[in-house]
Every structure is written in C-alpha cells, then in structure tokens.
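Heads up, the thing below is written out as structure tokens.
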Amino acid sequence: MDFTARSDIEAPIDHVFAQVTDFPAFERSIMRRGGDVERIQGGDAPAVGTKWRVKFRMRGKDRVVMAEIVKVDAPHGLTVDVTSPSVDGMTRVELVALSRARTRLIVSADAGAKSIPAKLMMQSIRFAKGKTEQRFKDMVATFAKDVESRYRG
C-alpha cells in the first residue's frame, strides 16, 4: 500500500530539514497522543542507524513498532524503515528547493503485511483508500503549514 503527499512551503530548505528532523518534538507528540517512545540508538541529530521503539494502542490492541533511519541526505531528505511483527513499511521524506525561500515537501509511505490479520487490516484500509489517502495528505499539509508559520515567527 502506497501513499504520497506533497506540499510547498514558504521557507528555505535548511529550515524545513531542521523541522523534519526535530525528533524530540515528534517523540513528545507521540507521547501526548498516548504512545510510548524509547530511543534505542542515536542522538538528536539525523544519522543513519538512529532507532526508536514505539508502543501504542490501535484498534484495541497494544502494538510495538521499531523505526530506524536507513538513509540521510541532508538537507534533501531521509528514509525511515518501520518494522513490526505483522507489518513492514518505509517512509521517505524528500525536500526539493524550488527557490531560496520555497521548498517542496514530498512524503511517501509504503506498507506491506506479513501476517493474515495484518493483511485483513490492510484490505480494510484499501477499501477506504480515498478517505485514508486524504487524511494522509491533510496531515502532511498541516505539518507544512506549521513549519511555514514557525519560520515566519
């Protein structure tokens, strides 16, 4: 299952990359939503090999996901590999400098099921693909607006 969203941001690419790699802010965001985040390896700077263990509750079950940065191309993007017992995925964040003060953010997420219950869950997501894809695009657009407003001050 693939999802892709793009959004243009009125901010320089360096600022957008700094916001995309603000891992402590993402960790706090997950914890505010009831998840538990543990950084296993790496620091606050984006580096290959940085790993997290994320625990959260979804559809009435406790889930554990491992996330690892597998590629960093500062300031043009990064790739995060996500694994769990039932689903594997990859998230790519690409940044393209359109001008000195404008950056295009492209986020793509791929996921694949490894177990039968996960395949059933993915099938239900496929049935609602339009709604799910729109939610994903809205989430990326909201993030882009936040980055833009933080840049303006």
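The values are calculated or read from the model by the stated rules, or taken from the named source; none is laboratory data. What you see is a predicted model, and the numbers here were worked out from it, not measured in a lab. Every residue, glycine among them, receives a Cβ derived from its backbone with ideal geometry; neighbour counts consider all protein chains shown. Please note that ligands, DNA and RNA were not included when accessible areas were found on the heavy atoms of the full protein model with its side chains. Shrake-Rupley method; radii C 1.70, N 1.55, O 1.52, S 1.80 Å.
General observations
- Among the residues of the stretch 84-100, those that are under 17 Å from V70 (Cα atoms), in a strand (DSSP E or B) and open to solvent by less than 50 Å² (accessible area, probe 1.4 Å) comprise G89, T91, V93, L95.
- Pairs linking a residue in the stretch 124-141 that is within 18 Å of T91 (Cα to Cα) and in contact (Cβ under 8 Å) with a residue 60 or more places away in the chain to a residue that is outside any helix (DSSP H, G or I) and not aliphatic (A, V, I, L, M), with Cβ atoms under 6 Å and 6 or more positions apart or on different chains, are E133/F3; F136/F3; V140/S7; A141/S7.
- Matching residues, the stretch 5-32, being in contact (Cβ under 8 Å) with a residue 12 or more places away in the chain and open to solvent by 70 Å² or more (accessible area, probe 1.4 Å): R6, E10, D14
- Single residue of T103, T132 found to be closer than 14 Å to S7 by Cα, under 18 Å from the mean Cα position of the chain (by Cα) and either modelled with pLDDT of 95 or more or assigned to a helix (DSSP H, G or I) (or both): T103
- Of the residues making up the stretch 33-76, those that are among the hydrophobic types (A, V, I, L, M, F, W, C), within 18 Å of F17 (Cα to Cα) and open to solvent by less than 50 Å² (accessible area, probe 1.4 Å) number 3.
- The set of residues in the stretch 18-70 being of a type in the set (A, V, I, L, M) and within 19 Å of F143 (Cα to Cα) consists of A18, V20, A25, I30, M31.
- Set side by side, the residues I40, I69 differ, and just one is part of a strand (DSSP E or B), aliphatic (A, V, I, L, M) and more than 13 Å from the chain's Cα centre (by Cα), which is I40.
- Verdict on A18 being touching a Ser or Thr at 6+ places or on another chain (Cβ under 9 Å) and small (G, A, S): no
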